[in-house]
Amino acid sequence: MSAGEKWWPFFRREDTREQLTRNVDAEFDAHLELRTEQLKSEGLSEEEARTRAGALLGDSERAARLCKRTDHTWLLRDRIAHFLGSILSDVGYALRLFRTSPLFACMAALCLAVGITFITTTYTILDDTVIHPLPYEESDELVMVGRDDTVLIEMNFIWSSYADFLDWDDQNHVFEQMAIMSWEAFAVTDPEDPVRVFGSAVSKDFLSLLRVTPVLGRAFTPDDYRPGAEPVALIGYGLWQRAYGGDPAILGHRMSLNGEEGRQVVGVMPPGFSFPAYQETWTPLRQEEPGPRGNTAFITVGRLRDGTSIAAAGAEMGQIEARLVEVYPDQYPEDGPPVEVRVAPFGAFLFHRMHTPFLIIFIVGCLVLLLTCSNLANLALSRAADRTRELSVRAVLGAGRGRLIQQVMIENLLIALTGGVIGIGLGHLCLKLLLGHMPFVLPSYMQFDVNLRVLAALVGIVMLSGVIFGLAPAFAVRRCAPGTSLHNDSVRMSPGRKHTRMRSSLVVLQIGLATIILSVTGLMMKNYLESQARRVGVDTEHLLGQYIGLPLWEYRTQESWYTFFQTGVERLRNRPGIEAAAYISQAPAARTEWTATICTNETAAISEQPFLVSRVRTISSGYFETARIPLLTGRDFNSTDSGEGTRICIISRTLARTLWGEEDPVGRSFFLGREPNPERIFQVVGMVEDVRHGGPGTEAGLCFYMPLSPAAPRPDGWFLVRSSGKPRTLASILRETIRELDPHLAMSAPRTVTELAWERNWRTIIVTWIITVIAFFALLLALVGIVGIVACEVTNRRHEFGIRLALGADHRSILKTVLTRGGGMAGIGIAVGLVVTLAAMRLFSGVVTGIDTDYPVVFVGVVAFLVAVTLLASYLPARRIGRIDPVSVLREE
Amino acid sequence: MTRIGSRGFYGEIDILVLKTLSGGEPMHGLAIIDAVRAGSGDYLQIEDAALYPALHRLQRKGLLSGEWRISDKRRRAKFYALTVAGRKELARALEEWTARTRAMGQVLEIQPGDLT
């Protein structure tokens, strides 16, 4: 390799593959010629010499092939090495540059880190809920099958009966496997501190369908399902840690579930496994009889065969169900709604109301990242302008355009990577903080881990953002033709038209993005605040509840249930610190529900339907006082109401209005069931204010309260106590009192009503928290970005303004020019942003109920803010320029 | 006369080429072949088809440099010359070659009876 070849790779001669090939051929030709000459000089004739030379050369083709292969391999290696070397040298150059001007690099990296943080947070949530909602193998094949019943679907699952399952499993051709499971509450009483957990009795194929195996021990075998087999159970990892201290000796341990002793633990499931939602104990479902078809207490899961669509599965299940209705007409209620089967993707169903909000926060996250990128592009653009001279020098010295763009791109990618690493780390931390400090229990399928899949996507996004914000300076480099900039630079003029245009489009883009982000976040926050303003209707701040499920194997009579709760309430009332105590069958905002069908004999009263579905609650006397629900008319229950025979109730305002309009409901009566039946009559003794049992923001709905009586008690319910201060302080005294009544009772953790409401709305709350943080930072980024970019634009025109001033323009006209321009850009940006927002809202409004476009205050606020910011950002530097002496500006060159 | 082809001892051609070029004068392929033959008293003859792949390999390793020139017979030919790295490699190869032939010689002389 000659010195020139070594030091100046751009001038290498044997550069291409074809050239190398040609050279090898030429070399062999030359050899033949030389040999012929040589032989001729030894006295051979031309003809003989040529033949002889050919013979001497031998297998020239093979030799040439070897030579070419060697050369080509070398060329490839050389090129790769050269490319890597150029990248390395660019990285080195960029690092030296960052060291000399660290401010730009730091600002840019931090700025990007903010954007990446949001993308990390929102994308991880999106990935965990929408893209890969279930942590199981090929989880998109998992579907839920059940009756299409909207009331029950409200509880996030589609329910089915065991009889249906048996027929479906037998007749379908669309599922690889089907499994059915019940939803149980188990009292685990063998640990020292008995616990209550959710559990499930599951059919044979449950684990193989999910493709999950226990981390310890074994799964259920067909033997476990034989009648008379030894009772066994699988337990969740969390329960194993919590109740048994993670002792491996748990295998073979006999646990007592719901009073039934000697159930052998055969396996521990992996951490995080809680199928279908909160479950921690699984037992074999041993049901010998199909049972009634109306008993929809089960969840049926199926795994679709390869290539079967959900629609196809739904169609086949519909046909099967239609056949069943024909074969067993007596098993379906005649007056009930037509039975329809629904097949829904399991994962999507868990989040069915949250897809759009999660998608929206991800899109908002993307927009924030785009906003950061445009901020950075502006920053990089101003720097590129400063660096024009340096780049031009390099261009003059022979660096190609591609080479210069490569170098600028590498600088940007380095910044992007730094920002990306910080951002991904911060995002992960944010998620951990967000979830770690949730004041309530999340279902365990919410993991929110930044896993490899998510990480790969994030790194892609980081690189992409590096490229995006690097585009503007790269374009600036493209125009760095050798010579011109060196020339121009000596006379400092206003930036060229192209430069100005790029910068104004950046301003417009930024204002547009800010408009979209702020409007969307503003609307979502306003909706949340509005729904929170529709309060539960009880004294949430001071109420603590403890759920009790009495073990039926110990409390065998209804009498004993009544006594337990009645004595409990009386004892609690006398405890210090407890202002009031009461019993209610389902606490406000708690996840359980109890409804009843009612009707009246006054046909005119109930508008069109022959009957109504209303919530029912059993309460002890003093409940309304404890929860601070105002009694509107009539009276509260008193101790004499618990006597048998009297069927009285207190109704909610909405129920009273629905039944009898504005008339006084006291003294009127209605019937339980679909037809008036004198045996099931209820007389109204009072009317209370509505309570939103579904949590804040939900519809209050219909509700009536029955007194707790020995005739109709329930084996479960809530003790509700009111404190004067923070309700949490009552937790220990509440538990102690209950322990006095029954020292072996398994109890779940006490909950405040606020927590219950949160647990019911955790999806909305997560979205709102994230939106709030995003909105705050978007505001900040928009502010910084717009001020920076507009101020920069004005400052760049100093020279022009100096000349204008020198030519006799007054300060006022300069200010007017600047403000008009700023206002114009703001106007275009805001208009575009609003149009996009409204169009997007229109698109989403059909899908999501959480966003209501009919709220001009948000839009007006956003527009006012952005216009003010833009005008202020133009005004301040313009005023400064207006004040200066034109001569000094012109002398600056 | 012994022909040295592509199936000769490993490195034979390489060391011959390096040594031949160590005079400092750039040479084309045919000249190298002739020089080896002359230098060995017409005993060693490098095959034409074996020489060129070796030359290219050595050039791409950076031991030789190649350049197109007009030969004394007024023909264009590719001339090879030893680079600095090539000179170092030659020194190393010579040392190894000497050691190896000495060792071979010792072994072969000590047990001549075994070879028959």
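General remarks:
- Filter result for A:Val151 (touching a strand residue (DSSP E or B) at 6+ places or on another chain (Cβ under 9 Å) and modelled with pLDDT of 85 or more): no
- In the stretch B:38-65, the residues that are within 11 Å of another protein chain (Cβ to nearest Cβ) and not aliphatic (A, V, I, L, M): B:Gln45, B:Glu47, B:Asp48, B:Tyr52, B:Pro53, B:His56, B:Arg57, B:Gln59, B:Arg60, B:Lys61, B:Gly62, B:Ser65
- Hits in the stretch B:84-95 - residues which are under 28 Å from B:Leu30 (Cβ atoms) and open to solvent by 70 Å² or more (accessible area, probe 1.4 Å): B:Val84, B:Arg87, B:Lys88, B:Arg92
Residues are listed down the side, and each one gets a yes or a no for (1) more than 27 Å from A:Ile405 (Cβ to Cβ); (2) free of Cβ contacts under 8 Å to residues at least 60 places away in the same chain:
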residue	(1), (2)
A:Glu37	yes, yes
A:Gly54	yes, yes
A:Arg62	yes, yes
A:Asp78	no, yes
A:Leu103	no, yes
A:Ala108	no, no
A:Ala113	no, no
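- Any hit, the stretch A:234-251, residues being over 24 Å from A:Arg196 (Cβ atoms), part of a helix (DSSP H, G or I) and not charged (D, E, K, R): yes
- Verdict on B:Leu21 being surrounded by 23 or more Cβ atoms within 10 Å (Cβ to Cβ), within 11 Å of chain A (Cβ to nearest Cβ), under 22 Å from B:Lys88 (Cβ atoms) and touching a helix residue (DSSP H, G or I) at 6+ places or on another chain (Cβ under 8 Å): no
- On inspection, A:Ala868 qualifies as surrounded by fewer than 17 Cβ atoms within 10 Å (Cβ to Cβ), of a type in the set (Gly, Ala, Ser) and modelled with pLDDT of 85 or more.
- Filtered residue count, the stretch A:718-759, keeping only those that are at pLDDT below 90, over 24 Å from A:Glu192 (Cβ atoms), surrounded by 20 or more Cβ atoms within 10 Å (Cβ to Cβ) and of a type in the set (D, E, K, R): 2
- Matching entry among A:Val721, A:Val818 (being among the hydrophobic types (A, V, I, L, M, F, W, C) and not in a helix (DSSP H, G or I)): A:Val721
- Subset of the stretch A:628-653 (residues that are in a helix (DSSP H, G or I) and at pLDDT below 90): A:Ser639, A:Thr640, A:Asp641, A:Ser642
- Selection status of A:Glu261, open to solvent by 30 Å² or more (accessible area, probe 1.4 Å), under 22 Å from A:Met747 (Cα atoms) and in contact (Cβ under 8 Å) with a residue 60 or more places away in the chain: yes
- Taken over the stretch A:294-330, the residue count meeting the criterion of being farther than 29 Å from A:Arg196 by Cα and open to solvent by less than 40 Å² (accessible area, probe 1.4 Å) is 11.
- Within the stretch A:814-839, the set of residues being open to solvent by 50 Å² or more (accessible area, probe 1.4 Å) and more than 43 Å from the chain's Cα centre (by Cα) comprises A:Lys816 only.
- Candidates A:Glu559, A:Glu602, A:Glu625, A:Glu570: the one that is open to solvent by 40 Å² or more (accessible area, probe 1.4 Å), assigned to a helix (DSSP H, G or I) and under 29 Å from A:Glu663 (Cα atoms) is A:Glu625.
- Residue tally, condition under 21 Å from the mean Cα position of the chain (by Cα) and farther than 17 Å from B:Ser22 by Cα, over the stretch B:58-70: 2
- Considered as a group, the residues in the stretch A:15-67 that are among the β-branched types (Val, Ile, Thr) and more than 8 Å from every other protein chain (Cβ to nearest Cβ) include one that is most open to solvent (accessible area, probe 1.4 Å), and that residue is A:Thr51.
- Just so you know, in the stretch B:66-78 the residues that are in contact with a helix residue (DSSP H, G or I) (Cβ under 8 Å, 6 or more places away or on another chain) and in contact (Cβ under 8 Å) with a residue 24 or more places away in the chain include one that is farthest from the other protein chains (Cβ to nearest Cβ), and it is B:Ser71.
- Some residue of the stretch A:220-233 being part of a loop (DSSP other than H, G, I, E, B) and surrounded by 18 or more Cβ atoms within 10 Å (Cβ to Cβ): yes
- Taken together, A:Leu655, A:Leu612, A:Leu659, A:Leu672 contain a single residue that is in contact with a strand residue (DSSP E or B) (Cβ under 8 Å, 6 or more places away or on another chain), within 25 Å of A:Asp539 (Cα to Cα) and of a type outside the set (Phe, Trp, Tyr), which is A:Leu655.
- Residue list for the stretch A:651-689, filter: under 47 Å from the mean Cα position of the chain (by Cα), under 15 Å from A:Gly634 (Cα atoms) and among the acidic types (Asp, Glu): A:Glu662, A:Glu689
- Residue pairs meeting the criteria (Cβ under 6 Å; at least 6 apart or on separate chains; first farther than 21 Å from A:Phe865 by Cα, in the stretch A:786-815; second assigned to a loop (DSSP other than H, G, I, E, B) and open to solvent by less than 50 Å² (accessible area, probe 1.4 Å)): A:Asn796/A:Pro495; A:Arg797/A:Ser494; A:His799/A:Ser494; A:Glu800/A:Ser494
- Just one of the listed residues (B:Ala35, B:Ala81) is among the hydrophobic types (A, V, I, L, M, F, W, C) and either facing chain A (nearest Cβ under 7 Å) or open to solvent by 30 Å² or more (accessible area, probe 1.4 Å) (or both), namely B:Ala35.
- Inspection of the stretch A:92-110 finds no residue satisfying the criterion of being open to solvent by less than 10 Å² (accessible area, probe 1.4 Å), of a type in the set (S, T, N, Q) and either more than 14 Å from chain B (Cβ to nearest Cβ) or in a helix (DSSP H, G or I) (or both).
The values are calculated or read from the model by the stated rules, or taken from the named source; none is laboratory data. Note that the structure is predicted; figures quoted are calculated from it, not measured. Here the Cβ is made from the backbone with ideal geometry for all residues, glycine too, and neighbour counts use every protein chain on show. For accessibility, only protein heavy atoms count, side chains too; no ligands or nucleic acids. Shrake-Rupley method; radii C 1.70, N 1.55, O 1.52, S 1.80 Å.
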